[in-house]
Amino acid sequence: MGAISGYLLSYLYFGQNLWIYFSCLAVAGIAVLKFPQVGLYLIFFCTLIFERHFTLQALAIGDVEYKLYPLDIIIGLTTLSVLLKLFFEHQEKNKIIFNKFDYPILVFGLVATASFIFALLTKVDTATAFGAYKNYFIYAIVYFLSLFILKTREDWKRLMFWFIFGSTIMFFFLGYGLLTGHGLWSEYTPLSTSGARLIAGTHAFYFVLFGFWSIAWFFWSSKENRLIGKKEMMFVLVLIALALVVSLVRHLWLALLMILILWLIYLPKSKKEILYGLFTKVLLFGILLSLLFFWIYGLKEGNSPVFVRKYLYVLQERVSISSVVNLQDESFRWRVSAWMAGVSLWRSSPFLGIGLGKQIIGYDELFFFDIPPRDLHNNYLGIFVQMGLLGIFAVIYWFIYLLKCLDKLWRDLCKKSDFDTILFFVWGNALILFMIVFSISVYWDINLFIIWWWLGLAAVRFLAVEHKKI
């Protein structure tokens with residue numbers, strides 16, 4: 001982790017140096033080839049901290065850029081390490097037996113593969129088609145690696161330790177945004193309204209995952225296993241809530257509102273009381289901190305800070321739905337135009353779709369656009385257009401089975417209070433979050449998001465096997 005982090009910091013400050021690049025990868029590669037679990041720790045820890053600079057940084061040799069990312073190299077080395085173990089260590093524990101949980105995933109993979117092959121047989125940009133196929137299914141290798149490497153509760157506990165450690169470091173990005181008035185790397189996802197995010201949308205999403213763990217900690221962690229107290233953990237929740245507000249990511253706000261409704265339906269009464277207590281305490285704590293800040297600032301400057309007044313205006317603009325309803329919001333109006341163009345293109349091949357890698361042509365008011373399907377900002381529609389009825393039916397079949405599995409597991413685990421319950425709460429909610437945001441953003445089209453989907457699936461499958469629910 002130190003080697004990869006050192007290279008990425010060097011890249012951010014001085015640009016790419018091939019000697020440092022290959023030296024640091026060699027250090028990580030030796031460790032990963034010896035211990036494949038190190039590969040998984042690297043994948044998720046470095047994504048938490050460096051996001052696109054780890055997952056989407058192209059390799060530049062001379063004047064040519066190759067879309068070979070550090071993430072892909074680590075995944076490749078981890079895969080090689082697993083294959084070597086399978087070849088040289090003929091042990092029963094190394095076997096992976098596929099079951100009912102895996103079949104819908106494999107069905108979707110077959111459809112995606114067929115769509116990719118169909119695209120190659122037509123006039124299409126190969127790189128774009130492969131990029132779509134890679135995000136749709138090739139990154140499922142993370143799921144299969146997790147099945148092989150994370151076989152016991154101890155394995156999952158170690159992974160969760162690195163997840164929590166990386167999430168704690170993320171508070172640096174929140175502090176940076178609050179102090180400077182703009183989030184580090186937030187320029188990659190600019191707002192359609194005025195203002196700027198104080199934390200990047202990617203880090204906001206990772207904070208949501210960490211928030212699931214933090215709430216599960218209050219629900220089910222035992223006193224003897226707590227490394228910090230409730231007051232400290234309450235402060236952590238306040239900071240997570242603050243990060244989500246200043247991120248200005250509206251689709252996360254909407255998704256979390258829907259998940260909160262599910263909690264009010266499915267949580268036991270005792271947990272609902274804890275949730276209500278958490279909500280009121282976090283709100284009151286946040287208000288008190290804000291009043292304290294304004295009081296100290298007012299004593300020093302004599303008035304309220306300008307940047308706060310400006311940010312409150314931006315926040316009000318983001319929360320308002322009137323511009324969305326009236327199609328005055330540029331982002332929403334653009335999406336509606338792109339969706340209509342996508343559906344029009346789908347009609348040319350309803351059953352099999354148009355194939356991966358095709359461009360969607362349309363117009364928004366006075367200008368034309370020529371975009372890849374991922375710019376639809378709706379993954380379900382993207383699959384529908386590219387893979388047709390066959391693809392969307394494969395997804396529906398998969399997700400209905402997954403929701404049934406989540407329901408069965410929850411009915412069993414909600415009566416318990418142990419690590420399995422916490423693990424399910426984190427990754428079960430993560431999967432539901434993904435299923436919601438797939439409909440309003442590009443989470444299936446970017447590797448720094450979709451690898452978490454595959455990890456969540458691996459966690460739920462592990463618990464389903466352990467509790468004999470499949």
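The values are calculated or read from the model by the stated rules, or taken from the named source; none is laboratory data. Nothing here was measured: the structure is a model prediction, and the numbers come from that model. Heads up, the Cβs are rebuilt from the backbone with ideal geometry, glycines too, and the neighbour counts pull from every protein chain shown.
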* Structure fact -> T202: passes all of (1) assigned to a helix (DSSP H, G or I); (2) at pLDDT below 90; (3) not aliphatic (A, V, I, L, M) but (2)
* Could you list all residues from the range 13-54 that are among the small types (G, A, S), more than 30 Å from G183 (Cα to Cα) and either surrounded by fewer than 20 Cβ atoms within 10 Å (Cβ to Cβ) or touching a His at 6+ places or on another chain (Cβ under 8 Å) (or both)? => S23, A26, A31
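With respect to A216, determine if the residue is under 28 Å from P190 (Cβ atoms) and either assigned to a helix (DSSP H, G or I) or out of contact with any helix residue (DSSP H, G or I) (no Cβ under 8 Å at 6 or more places or on another chain) (or both).
Working: under 28 Å from P190 (Cβ atoms): no; either assigned to a helix (DSSP H, G or I) or out of contact with any helix residue (DSSP H, G or I) (no Cβ under 8 Å at 6 or more places or on another chain) (or both): yes.
No.
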* Asked: Somewhere in the range 77-94, is a residue assigned to a loop (DSSP other than H, G, I, E, B) and on the phi > 0 side of the Ramachandran plot?
  -> no
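At pLDDT 95 or above and more than 23 Å from the chain's Cα centre (by Cα): does that describe V124?
Working: at pLDDT 95 or above: no; more than 23 Å from the chain's Cα centre (by Cα): yes.
Against the criterion (at pLDDT 95 or above and more than 23 Å from the chain's Cα centre (by Cα)), V124 does not qualify.
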* Single residue of the range 338-355 satisfying the filter (of a type in the set (S, T, N, Q) and free of Cβ contacts under 8 Å to residues at least 24 places away in the same chain) that is surrounded by the most Cβ atoms within 10 Å (Cβ to Cβ) -> S344
* **Checking L179 against (1) free of Cβ contacts under 8 Å to residues at least 24 places away in the same chain; (2) touching a Lys or Arg at 6+ places or on another chain (Cβ under 9 Å); (3) not polar (S, T, N, Q), the condition it does not meet** => (2)
* Kindly indicate the residue of the range 263-289 that is surrounded by 11 or more Cβ atoms within 10 Å (Cβ to Cβ) and hydroxyl-bearing (S, T, Y) and also nearest to F218 (Cα to Cα) among those meeting that condition. => Y276
* So Y276, is it part of a helix (DSSP H, G or I) and at pLDDT below 90 -> no
* Asked: Is there any pair linking a residue in the range 71-90 that is of a type in the set (G, A, S) to one that is assigned to a helix (DSSP H, G or I) and surrounded by 13 or more Cβ atoms within 10 Å (Cβ to Cβ), with Cβ under 8 Å and at least six apart or on different chains, and which?
  -> S81/V32; S81/L33; S81/P36; S81/G39
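Can you find, within the range 219-235, the residue that is modelled with the highest pLDDT among those that are of a type in the set (A, V, I, L, M) and not in a helix (DSSP H, G or I)? Give the derivation first.
Of the range 219-235, the ones of a type in the set (A, V, I, L, M) are 227-228, 233-234.
Restricting the remaining residues to those that are not in a helix (DSSP H, G or I) gives 227-228.
On the way: L227: 69, I228: 77.
Among those that are of a type in the set (A, V, I, L, M) and not in a helix (DSSP H, G or I), it is I228.
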* Structure fact -> Exception for M258 within (1) at pLDDT below 95; (2) closer than 26 Å to K416 by Cβ; (3) surrounded by 11 or more Cβ atoms within 10 Å (Cβ to Cβ) falls at (1)
* Please work out which one of (1) crowded, with 19+ Cβ neighbours inside 10 Å; (2) within 23 Å of the chain's Cα centre (by Cα); (3) not aromatic (F, W, Y) is the condition S115 fails and give its number. => (2)
* Here are G183, G177: which of them is out of contact with any Cys (no Cβ under 8 Å at 6 or more places or on another chain), buried (at least 19 other Cβ atoms within 10 Å of the Cβ) and assigned to a loop (DSSP other than H, G, I, E, B)? -> G183
* What's the number of the condition S146 fails, among (1) modelled with pLDDT of 95 or more; (2) surrounded by fewer than 22 Cβ atoms within 10 Å (Cβ to Cβ)? -> (2)
* Structure fact -> Restricting attention to the range 66-104, the residues that are surrounded by fewer than 12 Cβ atoms within 10 Å (Cβ to Cβ) and acidic (D, E) number exactly 2
* Asked: Looking at the range 78-89, is at least one residue farther than 24 Å from I43 by Cβ and not aliphatic (A, V, I, L, M)?
  -> no
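Residue-by-condition table, conditions (1) farther than 19 Å from W339 by Cα; (2) in a loop (DSSP other than H, G, I, E, B); (3) at pLDDT below 95:
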{"residue": "D375", "(1), (2), (3)": "no, no, yes"}
{"residue": "F384", "(1), (2), (3)": "no, no, yes"}
{"residue": "K415", "(1), (2), (3)": "yes, yes, yes"}
{"residue": "M435", "(1), (2), (3)": "no, no, no"}
{"residue": "D445", "(1), (2), (3)": "no, yes, yes"}
{"residue": "V460", "(1), (2), (3)": "yes, no, no"}
